[in-house]
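J.: Pasting in a structure now, in structure tokens, and then I'll have a few things to ask.
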Amino acid sequence: MRKAIIAGNWKMNKTPAEAAALVNELKPLVKDAICDVVVCVPATNFQAVKEAAEGSNIKLGAENVHWAASGAFTGELSADMLKACGVEYVVIGHSERRQYFGETDATVNKRVQAAVNAGLKVILCVGELKEEREAGYTDALVEYQTLIALTGLTNEQVEEVVIAYEPVWAIGTGLTATDEQANETIGVIRKALARKYGQELADKVRIQYGGSMNPKNVKGLMAQPEIDGGLIGGASLKAADFSLVVNYDK
Ligand code: 13P
């Protein structure tokens, strides 16, 4: 069976002092989690979070990574830099990067390859816009986004990637996909993986739901057979809310 993974995506929030306070508050609340617990944070908070999370079950993640090992890429961070700061996970291809920073399926693929080859665990984000869902393109789109992002990886590497299905219209809007919609589209992603890599591998890949996941809706979503966790934005910024999501089984 797949182990669930609940990850916070803090986006552009929290100073180092606020980050340490949040993790310190979170630690006792999530210590008995049955799932993997990750917080993906701004790079300015790596050290504070690493120190605060020391000895706990909270894992450190980043929100992006560049594909090159080093060089003239102002403002970017390499996989080795992240690793040197104690980062284990990295979010790649978030819809906010695709929408506001020109991220494409091709650059997502380059980042995924670099991260995986450096030994980082990838949380690959895919998902459709509202217009795309309304036009009936959701399945084709998430299938394409997923497979192109994984191009160049070995089967063993694909198995380790966590996929986050995040319908763009549900992010930060308070609108959630229904439990059935989320389950169905995640099922589509798993079928695409099965066609390309075989059912056995597809059954091992963890696929999260993301988009206004919160303490109220987490139980219903996590009860769906295809949903293996969540990528949480707004509700990850408060220890009480995030811990209720992490403890969805209690
Ligand atoms: P919200 O939970 O704020 O909708 O954000 C979801 C998200 O984008 C996580 O990556």
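Taken together, the values in this text are just the output of simple stated rules run on the coordinates, not laboratory data. Small disclaimer: the values here were computed from a predicted structure and weren't measured. Note that each Cβ is placed from the backbone with ideal geometry, even for glycine, and that neighbours are counted across all protein chains shown.
J.: Where residues in the stretch 56-106 are in a loop (DSSP other than H, G, I, E, B) and of a type in the set (S, T, N, Q), which of them is surrounded by the fewest Cβ atoms within 10 Å (Cβ to Cβ)?
T.: Looking only at the stretch 56-106, we keep the residues that are in a loop (DSSP other than H, G, I, E, B), and these are 56-57, 63-78, 85-88, 93-94, 101-104.
Narrowing further to those that are of a type in the set (S, T, N, Q): 56-57, 64, 70, 74, 78, 104.
Working: Ser56: 15, Asn57: 15, Asn64: 21, Ser70: 10, Thr74: 4, Ser78: 19, Thr104: 12.
Looking at residues that are in a loop (DSSP other than H, G, I, E, B) and of a type in the set (S, T, N, Q), I get Thr74.
J.: Any idea how many residues of the stretch 146-176 are more than 18 Å from Ile123 (Cβ to Cβ), within 16 Å of the ligand (Cβ to nearest atom) and either acidic (Asp, Glu) or touching a helix residue (DSSP H, G or I) at 6+ places or on another chain (Cβ under 8 Å) (or both)?
T.: The qualifying residues number 3.
J.: Check Pro42 against each of (1) crowded, with 20+ Cβ neighbours inside 10 Å; (2) within 16 Å of the ligand (Cβ to nearest atom) and name the one condition it does not meet.
T.: (1)
J.: Just to be sure I understand, how many residues within the stretch 190-234 are in a helix (DSSP H, G or I) and touching a Phe, Trp or Tyr at 6+ places or on another chain (Cβ under 6 Å)?
T.: Filtering the stretch 190-234 for residues in a helix (DSSP H, G or I) gives 190-197, 199-202, 218-222, 234.
So of that shortlist, the ones also touching a Phe, Trp or Tyr at 6+ places or on another chain (Cβ under 6 Å) come out as 218-219, 221-222.
Residues flagged as in a helix (DSSP H, G or I) and touching a Phe, Trp or Tyr at 6+ places or on another chain (Cβ under 6 Å) within the stretch 190-234 amount to 4.
J.: Could I ask something else about it? Taking the condition of being crowded, with 19+ Cβ neighbours inside 10 Å and under 24 Å from Glu166 (Cα atoms), how many residues in the stretch 12-25 meet it?
T.: The number of residues fulfilling the criteria is 1.
J.: Restricting the search to the stretch 137-164, which residues are touching a strand residue (DSSP E or B) at 6+ places or on another chain (Cβ under 6 Å) and among the aromatic types (Phe, Trp, Tyr)? Break it down stepwise before answering.
T.: The initial filter retains those residues of the stretch 137-164 that are touching a strand residue (DSSP E or B) at 6+ places or on another chain (Cβ under 6 Å), namely 142, 145-146, 149, 161-164.
Passing the criteria: none in range.
J.: With the structure loaded, tell me whether Val245 is touching a residue at least 12 places away in the same chain (Cβ under 8 Å) and either more than 10 Å from the ligand (Cβ to nearest atom) or surrounded by fewer than 21 Cβ atoms within 10 Å (Cβ to Cβ) (or both) or whether it fails that test.
T.: Details: touching a residue at least 12 places away in the same chain (Cβ under 8 Å): yes; either more than 10 Å from the ligand (Cβ to nearest atom) or surrounded by fewer than 21 Cβ atoms within 10 Å (Cβ to Cβ) (or both): no.
Answer is no for this residue.
J.: Being under 15 Å from Val38 (Cα atoms), within 16 Å of the ligand (Cβ to nearest atom) and not acidic (Asp, Glu) narrows it down to one residue among Gly211, Gly220, Gly229; which is it? Give the steps one after another, and end with the answer.
T.: On the way: Gly211 fails: under 15 Å from Val38 (Cα atoms); Gly220 fails: under 15 Å from Val38 (Cα atoms).
Every option except Gly229 fails the conditions.
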